[in-house]
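As structure tokens, the structure follows; a few thoughts come after it.
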Amino acid sequence: MSHPLIDLAREAIRYYLKTGEYLDISELPGDGPACGLFVSLHDQRQPGEVEGDLRGCRGSIRPYGPTLYAQVVQEAVNSAVDDPRCPSIQPEEVDGIAITVYLLKPQEKVHTLNELDPARYGILVEGESGRRALLLPGIPGIETAAEQVYLTKRKAYMHPDEPVTIYRFEADVLK
């Protein structure tokens with residue numbers, strides 16, 4: 001049994017692909033305040049894989065929607081049809097896609113790599129160039145803080161030696 005926010009994300013994608021419109025969540029009970037969140041979509045993992053291929057991941061470090069449900073709907077659809085790294089999800093794929101929702105907690109500035117743990121914390125790096133990027137916590141294959149920072153800088157197209165400000169954050173990871 002999946003989490004209700006996973007069910008909402010899946011239904012939002014299904015509805016959007018069918019109608020081209022966002023799912024109306026105005027009558028759903030239990031909605032709450034928006035928060036920073038990401039929705040990540042993957043193909044089902046194959047034997048021997050930790051997770052399937054990325055099919056989309058979109059979100060925001062800060063809340064922007066009027067409610068939690070509205071933000072989940074928006075980012076689920078964005079992940080499915082508007083991640084330039086991945087082909088859009090097709091209607092017949094919706095039920096087979098693995099969905100993860102990351103509910104981000106407030107970020108805090110860190111001063112040394114010893115304050116990081118890629119399994120526990122996601123990070124946001126901001127460079128002197130103005131570029132910035134984020135990696136979510138618990139990404140398979142990222143074992144060390146140095147590797148996490150290097151990959152985040154690379155994601156932002158920063159030079160490996162560019163000084164950065166690093167922020168860490170925890171997330172409730174719903175699958």
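Hey, fewest Cβ within 10 Å first, where do I123, I61 land in order?
I61, I123
Need one number for segment 1-139: average projected area of the convex hull over its C-alpha atoms, nm².
Mean orientational projected area (segment 1-139, Cα hull): 10.4 nm².
With a 10 Å Cβ neighbour count serving as the proxy for reagent exposure, in which order, fewest first, do L113, L23 appear?
L113, L23
Counting Lys +1, Arg +1, Asp -1, Glu -1, what net charge surrounds S2 among other residues with beta carbon under 15 Å of its beta carbon? Kindly include the intermediate steps, with their values, before the conclusion.
Values: positive: R10, R14, K175; negative: D7, E11, D95, D172.
Taking every Cβ under 15 Å from that of S2, the sum is -1.
Please report the relative contact order for segment 30-175, taking Cα pairs under 8 Å with a sequence separation of at least 6, and give it as a percent rounded to a whole number.
24 percent
Add +1 for every Lys or Arg and -1 for every Asp or Glu among the other residues with Cβ under 12 Å from the Cβ of S79, and state the total. Don't jump to the answer; show the numbers that get you there.
Values: positive: R10, R55, R58, R85; negative: E75, D82, D83.
Around S79, the surrounding residues sum to +1.
Taking 8 Å as the Cα distance limit and 6 or more residues as the minimum spacing, I'd like the relative contact order of segment 108-170 as a percentage.
Values: 110 pairs, mean separation 29.3, N = 63.
Normalised by residue count, the contact order of segment 108-170 is 46 percent.
Who wins for biggest fluctuation among R132, R120, R85 in a Gaussian network model of the chain, springs between alpha carbons below 10 Å?
R85
Given only helices, namely DSSP H runs of n ≥ 4 each adding -39500 (n - 2.57), what is the per-residue ellipticity at 222 nm of the chain, to the nearest 500 deg cm²/dmol? All intermediate terms of the calculation are to be shown ahead of the outcome.
Details: 3 runs with 41 residues, N = 175.
-7500 deg cm²/dmol, from helical runs alone.
If you only keep lysine pairs separated by 8 or more in sequence, or across chains, how many in the chain come under 25 Å at the Cα atoms?
7
Which whole-Hz couplings ³J(HN,Hα) result when phi for each residue of segment 147-155 is put into the Karplus expression 6.51 cos²θ - 1.76 cosθ + 1.60, θ = phi - 60°, listed in order with x for Gly and Pro?
5, 4, 5, 4, 5, 5, 4, 4, 4
Compute the distance in nm between two label points, each set 7 Å from the Cα along the Cα-to-Cβ direction, one at T165 and one at Q44.
Rounded to a tenth, the inter-label distance reads 4.5 nm.
Give, as ranges by residue number, the residues of segment 62-92 whose backbone N falls under 20 Å from the point 7 Å along Cα→Cβ of I25.
Output list for this probe position: 62-83, 89.
The numbers here are math on the coordinates, done by the rules we state, and not lab data. Just so it is clear, the model here is predicted, and its values are computed rather than measured. Using ideal geometry, Cβ is built from the backbone for each residue, glycine included, and neighbour counts are taken over all protein chains shown.
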